[in-house]
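Comments concern the structure below.
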Amino acid sequence: MTPNARPPAQRYAGPTVGPFAGTTRLNARRRTVELEALAGRPAVDLLVIGGGVTGAGVALDAAARGLRTVLVEARDLAFGTSRWSSKLVHGGLRYLASGRIGVARESAAERGVLMTRTAPHLVRPLPQLVPLLPGLMRPGQAALVRAGFLAGDALRLGAGTPGTLLPRVRRVDADRARRLVPGLRAVGLAGALVAHDGQLIDDARLVVALARTAAHYGATVLTRVRAGAVTGTSARLTDALTGQSFTVTAGAVVNATGVWAGEVDPSIRLRPSRGTHLLFDAAALGHPTAALTVPVPGSTSRFVFALPQQLGRVAVGLTDEDAPGPIPDEPVPTDAETGFLLDTVNAALHTALTRADVRGAYAGLRPLLDTGGGGTADLSREHAVLESPSGVITVVGGKLTTYRRMAEDAVDTAVRLRGLSARACWTARLPLVGAPGHRDGHPLPVDGAPASLLARYGGEARSVLAVAEARPGAACAPIAEGIDVTRAEIAYAVTHEGALDVSDVLDRRTRIGLVAEDAERARPAVEEILTDRQAG
């Protein structure tokens, strides 16, 4: 059959009866009910393996087209690379500098989709400041950076993203530069170039929003479920919590496991690249409101960024290093990478950051296709959709900003190769949960809600507070002193966002776990709320 062959009235639109019909709520009870239902009816249109941004995007795309869709994730949503990014939703300045116009154009287009239609509540404009300091750039490099910024602005115009959202590049004087980044070195500062890009409040939060929106359109989203014996039309699923197994048959199977793709499809050859970030208290850089952007010595396309983050942090990153060998669950930054990041960013700072200032660190592995020699920085960031000899459809490469296009291409491929009956993709205009236009949202502002909660939940903020207020306790009280995550958010993570244990809450729903000291202070209250909500 061809796409759109099935009349709209017959398309699968998710469960029409039961407690979860048309809801975005993910929790332990829903997982149990839907896992049992799948075991009883183990035939689906599309099985998606992998719960990162790409897999969640594929599940949403497929479910919104009317396909009976199941997503399985061996651990938790956003467990892998998707939670270790710079949080940038960027227009591809680096790719322009290296001549990759197509990748840059796609990035700019998808940035515009995220910021204006699908997730404007999760993405904010972020000034990117390149200081004009003696010795920081080679002669003529400032002109090249400005030319790159101007080219990026042309891509913004081509993507239709308004200048009111992402202002044009401009030069600012030294006083303005130091107001944006107070920690800048003042001696010799001749001002700065400032452009704008997009930044997520949190990458893992985007993944959770995608998965919940997919559930709203009928997808079954199952974490702690492993897929084995995978073929192009089937997989053996095992519940990691109970050990029970059963076989699912599917019209198509999509492998979206990122750096683990070769474990599902042995025909895939990847060359992972490690990107490392260091976390500092924002006070160490004077609470910047712009991203400090420092050229890497000897490169025309690489920069180290000092990026303002939620929870009062600044992330300094990132590296691009070969990461051969077995794929770890949580990659570890190397001592050499720490030194490289400190040396590079300190060239622009008034007071040097030291290793003693580092509050936390994280590293992620980019799932780059192995195309031969050269460094990982030279490998293409384009994504690829490949069919293995067994018929598994694998989507790899790409980056967080272009997840939606990657998902569209993967589902298009499944529909074409397997003759699935589905409507055309429409995720470019589909608002995620919390975004304006999604039916579960509420108008902003929400009286009594902290600004940090509004930034993380958008139109869902009122629902978050309502869940917490259903039980005794201060909904807006911080989970621990000095951490601007409320008790309401912890409860909501358990009742609506699929968190099954303390690590899910600390490490992926709230990101408190990025700083070990914060995690230990918050852990007792999180354990208390988790136990209470799961018991109730």
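Put +1 on the Cβ of every Lys and Arg and -1 on every Asp and Glu Cβ in segment 197-272; which of Val259, Gly232, Ala219 then has its Cα farthest towards the positive end of the dipole?
Gly232
If every alpha-carbon in the chain counts as one equal scatterer, what log10 I(q)/I(0) does Debye give at q = 0.07 1/Å?
-0.38
Based on the Cα coordinates of segment 133-177, what is the per residue volume of their convex hull in Å³? Write out the running numbers ahead of the final one.
On the way: hull volume 3.4 nm³, N = 45.
With only Cα atoms used, segment 133-177 gives 75 Å³ per residue.
In terms of solvent-accessible area of protein heavy atoms at a 1.4 angstrom probe, what is the ranking of Ser107, Ser452, highest value first?
Ranking Ser107, Ser452 by accessible area, largest first, yields Ser452, Ser107.
Share of the chain's accessible area from carbon and sulfur, percent, 1.4 Å?
Ligands and nucleic acids excluded, carbon and sulfur reach 54 percent.
Which translational diffusion coefficient, to the nearest whole µm²/s, is obtained for segment 468-536 from the Stokes-Einstein equation, given a Kirkwood hydrodynamic radius over C-alpha pairs, 20 °C and 1.002 mPa s?
Values: Rh = 11.7 Å.
My calculation gives 184 µm²/s for D.
According to a simple spin-label model (label point 7 Å from Cα along Cα-to-Cβ), what is the distance in nm between Gln141 and His442?
5.1
Pop out the Kirkwood hydrodynamic radius of segment 76-199 from its pairwise C-alpha distances, inverse of mean 1/r, in Å to one decimal. The partial results should precede the final answer.
Working: mean 1/r = 0.0643 Å⁻¹.
The Cα-based Kirkwood calculation yields 15.6 Å.
If the chain between Asp343 and His287 were fully stretched, how many nm would it gain, using 0.36 nm times the residue separation less the Cα-Cα distance?
Details: separation 56, 0.36 × 56 = 20.16 nm, distance 2.02 nm.
Roughly 18.1 nm would be gained on extension.
In nm, to one decimal, how far is the modelled label at Gln534 from the one at Thr247, with both set 7 Å along Cα→Cβ?
3.3
If you bin every alpha carbon distance in segment 164-246 into 5 Å steps from zero, what whole percent lands in each bin?
3, 11, 11, 10, 12, 9, 6, 6, 6, 8, 8, 7, 3, 0
Would you mind computing the Rg to Rh ratio of segment 405-536 from its alpha-carbon coordinates, Kirkwood style for Rh?
When Rh is taken as the Kirkwood radius, the ratio is 1.09.
Name the residue from Gly102, Pro328, Val187 whose Cα lies farthest towards the positive end of the charge dipole of the chain, charges +1 on Cβ of Lys and Arg and -1 on Cβ of Asp and Glu.
Of the listed residues, the answer is Gly102.
Taking the Cα centre of segment 170-245 as origin, sum charge times position over the Cβ atoms of Lys and Arg (+1) and Asp and Glu (-1), and report the length of that vector in debye to the nearest 20.
My answer is approximately 160 debye.
With everything on Cα atoms, drop me the angle between helix 403-418 and the longest principal axis of the chain, reported from 0 to 90° to the nearest 10.
With rounding to tens, the tilt is 30 degrees.
Kindly report, to the nearest 10 Å², the accessible surface of Arg274 as traced by a 1.4 Å probe over protein heavy atoms only.
Surface open to solvent at Arg274 totals about 40 Å².
Sort Lys87, Lys399 by heavy-atom solvent-accessible area, probe 1.4 angstrom, most to least.
Reading off the accessible areas and sorting them downward yields Lys399, Lys87.
Using alpha-carbon pairs under 8 Å, 6+ residues apart, how would you state the relative contact order of segment 144-238 in percent?
18
Which value, to two decimals, describes the C-alpha radius of gyration of segment 266-312 once divided by 2.2 N^0.38 Å?
Dividing the Cα radius of gyration by 2.2 N^0.38 Å gives 1.62.
What is the helix-to-structure angle for 203-216, meaning the angle in degrees between its Cα long axis and the longest Cα principal axis of the chain, kept from 0 to 90 and rounded to the nearest 10?
It works out to around 30 degrees.
Contact order normalised by length for the chain, with contacts defined as Cα pairs under 8 Å and 6 or more residues apart; what percent is it?
Answer for the chain is 21 percent.
Cα convex hull of segment 211-290: mean projected area in nm², to one decimal?
Approximately 9.6 nm², given one-decimal rounding.
What accessible area per residue, rounded to a whole number of Å², is obtained for the chain using a probe radius of 1.4 Å?
On a per-residue basis, the chain sits at 38 Å².
Taking only the alpha carbons of segment 53-137, what extent do you get along each of the three principal axes, in Å, biggest first?
Reported extents, whole Å, longest axis first: 58, 27, 26.
Once you charge only the Cβ atoms, +1 for Lys and Arg and -1 for Asp and Glu, what is the size of the charge dipole of segment 31-165 about its Cα centre, to the nearest 20 debye? Intermediate results must be reported in sequence, preceding the final value.
Values: 16 positive and 9 negative charges, 93 e Å.
Here the size comes out at about 440 debye.
If each residue of separation counts as 0.36 nm, what is the full-extension length gain between Arg176 and Glu517 once their alpha-carbon separation is subtracted?
Using 0.36 nm per residue and subtracting the Cα-Cα distance, I get 119.3 nm.
Go through Asn346, Pro134, Leu278 and say which Cα lies farthest out towards the positive end of the charge dipole of the chain; charges sit on Cβ, +1 for Lys and Arg, -1 for Asp and Glu.
Pro134
Once the cut-off is 22 Å, how many percent of the Cα-Cα pairs in segment 284-366 end up in the long-distance tail?
27
The values are calculated or read from the model by the stated rules, or taken from the named source; none is laboratory data. In this text the structure is predicted, and so the values were computed from the model without any measurement. Neighbour counts are summed over all protein chains in view; Cβ atoms, including those assigned to glycine, are modelled from backbone coordinates with ideal geometry. Surface areas here come from the heavy atoms of the whole protein model, side chains and all, with no ligands, DNA or RNA. Shrake-Rupley method; radii C 1.70, N 1.55, O 1.52, S 1.80 Å.
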